[in-house]
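Take a look at the structure below.
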Amino acid sequence: MSRFSRRLEIRWTLAVALLLVAFLAGGALVGGVLAARSQLLPGPQASPAPPSAPRASPGDSPELNPYSVISAVAERVAPTVVGVATRQRAYDWFYGAYEEAGVGSGIIFDPTGYILTNDHVVGSAGRITVTLADGRQLPARLVGTDPGTDLAVIKVNAAGLTPALLGSSENLRVGDLAVAIGNPLGLEFQRSVTAGIVSALNRTIQTDDGKVLENLIQTDAPINPGNSGGPLLNSRGEVVGINTAKAQAAEGMGFAIPISQARPVVEELMAHGRVLRPWLGVYTAEVNREISAYFDLKVTSGIAVLDVYKGSPAQRAGMRPGDVILSVGGTSVRTLPEFTAALARHKVGERVALGIDRQGKKLTLTALLAPRPNR
């Protein structure tokens, strides 16, 4: 190979190399420009979403229609609601005896014939007759009654009855649907259905006979005489309350006993015929200036023990007049309602620690709670 041709070969080789470098550089430059351009220009635009379909109103479908819910609840629960008719002996101003009639409602909660109602419906009745949904009229016996909560249990001799489903009142909220079923104004209007909402919770009322009922459900579902003892239901058809009273001076103010509060009472009534409430056996008052001066107390608040019943749990625990109860079972008490509530959390036969002050000295006594005697 000549020197010249070799130079040509070298030059040709260099030219090819330069062209290759230029090509690569140009590709990179074009790629960089395209990449930069793609960042500056907007990408493909998504097609606009089609407008959403209009929402169905409550009346457009059975699932959203509150009236359909009420109808379903009524259809499911009505067979479990009974009419309760009572007869009792009464006396006029001249001591002439006559028979007094009363009507109310009840709810079957056990298929063997146990029925939950109000104490004020059957508590003083001499004769009780229950009317079932199928029209049968059966005599009923009083199983047990608790005037303190206005609850009672009666029983009919029948089998295979349809019981209601007892729910829970713990999760109720103001504004929840409330359905009442009962016999307003007598059995000729039996199983009438009314509906409203839960208007308020934890209400306290005083009835015409002076009874104080606490922690009640307030509802604007119409409740009338004869509804007493009937169920208050939620949207699932579960019993959440037992209707017990209405405000006479206002419309749309009915009250029901929460079912979660009624459950333990029902268990006690079925087991003992009455509620065995724990009893300490002390006569008490809130500490005030006069009591403090009389006993020369060293504390300014608490529950002063004015007297101790002979043979009571308090006496056996060593409690004396002049002691001041500061706590029950570890719960501080400053007022009589707090003292009563703290004591009610414990059961008969339970040992409870009582924190007391005795002339400035702090002591802890242990009392074995007994059932409240019938006096």
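The values are calculated or read from the model by the stated rules, or taken from the named source; none is laboratory data. Everything numeric here is computed off the predicted structure, so don't read it as measured data. Here the Cβ positions follow ideal geometry from the backbone for every residue, glycine too, while neighbour counts run over all protein chains shown. Protein only, heavy atoms only, side chains kept; ligands, DNA and RNA dropped before computing areas. Shrake-Rupley method; radii C 1.70, N 1.55, O 1.52, S 1.80 Å.
Answer with yes or no whether Thr131 is modelled with pLDDT of 90 or more, under 18 Å from Ala74 (Cα atoms) and touching a Gly at 6+ places or on another chain (Cβ under 8 Å).
yes
Are there any pairs, at least 6 apart or on different chains, whose C-beta atoms fall under 6 Å, with the first in the range 159-170 and under 18 Å from Pro111 (Cβ atoms) and the second open to solvent by 50 Å² or more (accessible area, probe 1.4 Å) and not in a loop (DSSP other than H, G, I, E, B), and if so, which?
Final answer for the pair search is Thr162/Pro79.
So is Thr364 part of a loop (DSSP other than H, G, I, E, B) and free of Cβ contacts under 8 Å to residues at least 24 places away in the same chain or not?
In short, no.
Going through the range 320-361 one residue at a time, which ones are over 15 Å from Ile291 (Cα atoms) and open to solvent by less than 10 Å² (accessible area, probe 1.4 Å)?
Result: Val328, Val333, Ala342, Val352, Leu354, Ile356.
Take the range 165-179 and flag every residue that is open to solvent by 40 Å² or more (accessible area, probe 1.4 Å) and polar (S, T, N, Q).
Matches in the range 165-179: Ser168, Asn171.
Which one of Ile181, Ile223 is over 13 Å from Val82 (Cα atoms) and either at pLDDT 95 or above or more than 14 Å from the chain's Cα centre (by Cα) (or both)?
Ile223
Any idea how many residues of the range 120-142 are in contact with a Lys or Arg (Cβ under 9 Å, 6 or more places away or on another chain), surrounded by fewer than 21 Cβ atoms within 10 Å (Cβ to Cβ) and under 22 Å from Ile181 (Cβ atoms)?
Residues meeting the conditions: 2.
Looking only at strands (runs of 3 or more DSSP E) that fall completely inside the range 184-273, which ones have 1 or more residues that are of a type outside the set (Lys, Arg) and in contact with a helix residue (DSSP H, G or I) (Cβ under 8 Å, 6 or more places away or on another chain)?
Qualifying strands (runs of 3 or more DSSP E): 192-206, 212-219, 231-233, 239-246.
Residues that are more than 21 Å from the chain's Cα centre (by Cα) and of a type in the set (Val, Ile, Thr): does the range 197-205 have at least one?
No, the range 197-205 has no match at all.
Does the range 76-83 contain any residue that is modelled with pLDDT of 90 or more and open to solvent by 30 Å² or more (accessible area, probe 1.4 Å)?
Yes: one or more hits.
Of all the residues that make up the range 232-243, how many are open to solvent by less than 10 Å² (accessible area, probe 1.4 Å) and in contact (Cβ under 8 Å) with a residue 60 or more places away in the chain?
7
Select, from Tyr98, Tyr114, Tyr91, the only residue that is modelled with pLDDT of 95 or more, aromatic (Phe, Trp, Tyr), open to solvent by 20 Å² or more (accessible area, probe 1.4 Å) and farther than 17 Å from Asn227 by Cα.
Within the list Tyr98, Tyr114, Tyr91, the selection yields Tyr114.
Among the residues of the range 251-310, which ones are under 30 Å from Glu238 (Cβ atoms) and without any contact (Cβ under 8 Å) to a residue 40 or more places away in the chain?
Glu251, Pro264, Glu267, Ala271
Collect the residues in the range 204-219 that are at negative phi and open to solvent by 60 Å² or more (accessible area, probe 1.4 Å), keeping them in residue-number order.
Answer for the range 204-219, where residues must be at negative phi and open to solvent by 60 Å² or more (accessible area, probe 1.4 Å): Thr204, Gln206, Asp208, Asp209, Val212, Glu214.
Quick check on Gly229: is it in contact with a Ser or Thr (Cβ under 6 Å, 6 or more places away or on another chain) and open to solvent by less than 20 Å² (accessible area, probe 1.4 Å)?
yes
Given the options Gly182, Gly160, Gly148, name the one that is open to solvent by 10 Å² or more (accessible area, probe 1.4 Å) and either closer than 22 Å to Leu232 by Cβ or among the basic types (Lys, Arg) (or both).
After ruling out the rest, the residue left standing is Gly148.
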